[in-house]
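Take a look at the structure below.
The values are calculated or read from the model by the stated rules, or taken from the named source; none is laboratory data. For clarity, every value in this text was computed on a predicted model and none was experimentally measured. Using ideal geometry, Cβ is built from the backbone for each residue, glycine included, and neighbour counts are taken over all protein chains shown. Each accessible area value is taken on the protein alone, full model and side chains, heavy atoms only, with ligands, DNA and RNA left out. Shrake-Rupley method; radii C 1.70, N 1.55, O 1.52, S 1.80 Å.
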Amino acid sequence: MKTIATSLIAFSSVLLSISGTTPQAAAADLTLDGSGYYDLGDTEFYLRSGARQSGRYSNLGRNYYQDAEIGVSYITNNSYTRSGSMSFELWAKPFYSATSGIIMMTRGINPLYSDSYYPDVYSYGTALSLYQWRYPELNLYEKGRRSWEWRDALTFSRPNYL
């Protein structure tokens, strides 16, 4: 009887140690909801050391820049876990639904509690001037344990001179 009890305790402790290991952090289900917009200023200026950014990247490098504003109706956390820090970004894509492009502006956003949203999200800042026709896109990234992970995008259907 004593050996069965000892075996059960040993087996239970092994199961507990396996299940007690730290699981991968569950990614939050974040979405950009409603409508989005971007507004680029007319005045361009050259920055030798680049413009300070507050999202995934702190600096986009030496280039021509312009004042910019980006916004979206809502950023929603549809999951039961709090999100990580977020990066709200303006991208320039070479064609509609492209999977890569040029990051023009990035802005940091605080974590969002579970099953909640931020209304009327907008950011002022400085964006790259590209002098090219591109498809603008707003992207949302979340900081995970190891890296930034893409969460959602809102692509504008017409190209614009960015």
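Brief remarks follow.
- Probe 1.4 Å, accessible area per residue of segment 37-127, Å²: 55 Å²
- For segment 24-151, the Kirkwood estimate of hydrodynamic radius, built from reciprocal distances between every pair of different alpha carbons, is 15.1 Å.
- Largest first, the extents of the alpha carbon coordinates of segment 116-156 on the three principal axes equal 36, 27, 20 Å.
- Rounded percent of accessible protein surface that carbon and sulfur make up, segment 24-99, 1.4 Å probe: 46 percent
- Label zone at residue 157, where the point sits 7 Å out along the Cα-to-Cβ direction: segment 89-116 residues whose backbone N lies under 20 Å: 91-99
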